[in-house]
Amino acid sequence: MNEIQRYRQSIDSIDEQLSSLLNQRMVITRSIARYKTEHDCSVLDSQREKEILKKARQRCTTEELTPYHESFFTHVLALSRQYQQSIVTREHTK
Ligand SMILES: O=C(O)C(=O)C[C@]1(C(=O)O)C=C[C@@H](O)C=C1
């Protein structure tokens, strides 16, 4: 195996972990969406999202990676909201 193949093997392994973690996160997101439907809460919680992004920035040890880290979690939150909205809409049309 040459150098780039080894790097790509590492990336494949990390992507596998990211997929598994995303699955786990979305399962929890689904539970929160159901809770929010039952309690008539809005999907967006800006305060909570600010906290999540602050924690993400603090966890980032390499300063040059901070904007990427922040962008990654901004995208995760947008997908989470999108998924929650689809669940809330589905629950309301039942
Ligand atoms: O904590 C919540 O209230 C959630 O709905 C979860 C979550 C998230 O994915 O972390 C999603 C949407 C909200 O705007 C804030 C956070």
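In terms of overall dimensions, the C-alpha atoms belonging to the chain reach 55, 28, 14 Å along their principal axes, ordered largest to smallest.
The residues 1, 26, sorted by heavy-atom accessible surface at 1.4 Å with ligands and nucleic acids left out, run 1, 26 from largest to smallest. Where the accessible area of the chain is counted over protein heavy atoms with a 1.4 Å probe, how much of it, in %, is carbon and sulfur? C and S fraction of accessible area: 54 percent.
Looking at the chain, the accessible area is 81 square angstrom per residue; that uses a 1.4 Å probe and ignores ligands, DNA and RNA.
Rounded to the nearest 10 square angstrom, residue 39 shows an accessible area of 100 square angstrom against a 1.4 Å probe.
Can you show me the helix-derived [θ] at 222 nm for the chain, built from DSSP H runs with n ≥ 4 at -39,500 (n - 2.57) apiece and divided by the number of residues, rounded to the nearest 500. Display every interim value, and only then the final one.
On the way: 3 runs with 77 residues, N = 94.
That calculation yields -29000 deg cm²/dmol at 222 nm.
In the assembled protein chains, residue 65 presents an accessible area of approximately 80 Å² (probe radius 1.4 Å). Counting only alpha carbon atoms, the long axis of helix 3-38 and the longest principal axis of the chain meet at about 10°. Residues 36, 54, 94 ordered from highest to lowest accessible area at a 1.4 Å probe: 94, 54, 36.
The values are calculated or read from the model by the stated rules, or taken from the named source; none is laboratory data. Just so it is clear, the structure is predicted and the values come from calculations on it, not from any experiment. Ligands, DNA and RNA are excluded from the accessible area calculation, which covers all protein heavy atoms including side chains. Shrake-Rupley method; radii C 1.70, N 1.55, O 1.52, S 1.80 Å.
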